[in-house]
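I have placed the structure first, in the form of structure tokens, so that the comments after it can refer back to it.
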Amino acid sequence: MKIVVIGAAGQLGTAVVESYAGRADVVPVTRPTLDLGDAPAVEAFIAGQAPDVVVNCAAYNDVDGAEDHAADALKVNALAVRALATGARTAGAALVHYGTDFIFDGLADRPYTEDDEPSPQSVYALSKLLGEWFAADVPRHYVLRVESLFGGRARRSSVDRIAD
């Protein structure tokens, strides 16, 4: 099995790469390897790799900063996912995409389910919801809405706001 891991230098990507090392042919992809803002390059890269699975661990994760840098958040959290989805669909690969519970308004008195209506309250939340919609365009897709990440070793400065 061949797995392409986008954002392989970040906290989540590092964990995914380490988890599958030795059990699959893992292709770690970092920002120097591939510019996620270049949709044709992303699509061509995925098609050229011909993976079975694409795991997207990349995200613009500065929730507050997204309000002032909406274009950056949309580029990484939505438009890059659209390019990854196109590449995965062309390659016949499954797409695993990490979303967030921020797509909900937080007003429910119970845990949210996948059937609950999203109600994004910020640029960050909207950018992540758009990414989910693009990911869902792949016949075999999985969107994992997570509340937060913890554990692992810090690999980069918190000043670097766009995860690989």
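The values are calculated or read from the model by the stated rules, or taken from the named source; none is laboratory data. Quick caveat, the model's predicted, so the values are computed rather than measured. Positions of Cβ are backbone-derived with ideal geometry, glycine not excepted, and every protein chain shown enters the neighbour counts. Areas reflect the complete protein model, heavy atoms only, side chains present, ligands, DNA and RNA absent. Shrake-Rupley method; radii C 1.70, N 1.55, O 1.52, S 1.80 Å.
Averaged per residue, what accessible area in Å² does region 6-80 show with a 1.4 Å probe, protein chains only?
Normalised by residue count, the accessible surface of region 6-80 is 45 Å².
At a 1.4 Å probe, what is the % contribution of carbon and sulfur to the accessible area of region 29-83?
Exposed carbon and sulfur together represent 50 percent of the surface.
Among 69, 141, 97, what's the order by accessible area (1.4 angstrom probe), most exposed first? Working shown, then result.
Details: 69 90, 141 65, 97 0 Å².
Solvent-accessible surface, decreasing: 69, 141, 97.
Need one value: the accessible area of residue 110 in square angstrom, 1.4 angstrom probe, rounded to the nearest 10.
Approximately 120 Å² for this residue.
Of 122, 111, 88, which is farthest towards the positive pole of region 80-130's charge dipole, taken about the Cα centre with +1 and -1 on the beta-carbons of Lys, Arg and Asp, Glu respectively?
The one lying farthest along the dipole's positive direction is 88.
For the charge dipole of the chain, defined by +1 on Lys and Arg C-beta atoms and -1 on Asp and Glu C-beta atoms about the Cα centroid, which residue among 27, 148, 13 has the Cα displaced farthest towards the positive pole?
Farthest towards the positive end: 27.
Express in Å², to the nearest 10, the accessible area of residue 112 obtained by rolling a 1.4 Å probe over the protein heavy atoms while all chains stay in place.
80
Ignoring ligands, DNA and RNA, how do 67, 147, 132, 114 rank by accessible area with a 1.4 Å probe, largest first? Before the final figure, lay out the partial values.
Values: 67 95, 147 125, 132 10, 114 145 Å².
In descending accessible area the options line up as 114, 147, 67, 132.
Along the charge dipole of the chain, which of 1, 133, 70 sits closest to the positive end, that is, farthest toward it, with unit charges on the beta carbon of Lys, Arg, Asp and Glu (+1, +1, -1, -1)?
1
About the Cα centre of the chain, how large is the charge dipole given +1 on each Lys and Arg Cβ and -1 on each Asp and Glu Cβ? Please answer in debye to the nearest 20.
700
Calculated from DSSP H runs of 4 or more alone, at -39500 (n - 2.57) each and per residue, what is the 222 nm mean residue ellipticity of the chain, nearest 500?
One gets -9000 deg cm²/dmol as the mean residue ellipticity at 222 nm.
Would you mind classifying region 9-164 by shape? Square roots of the alpha carbon gyration tensor eigenvalues, ordered a ≥ b ≥ c; an a/c under 1.5 is rounded, otherwise it is prolate if a/b is larger than b/c and oblate if not.
Rounded.
On the full set of protein chains, 1.4 Å probe, figure out the accessible area of residue 134 and give it in Å² to the nearest 10.
60
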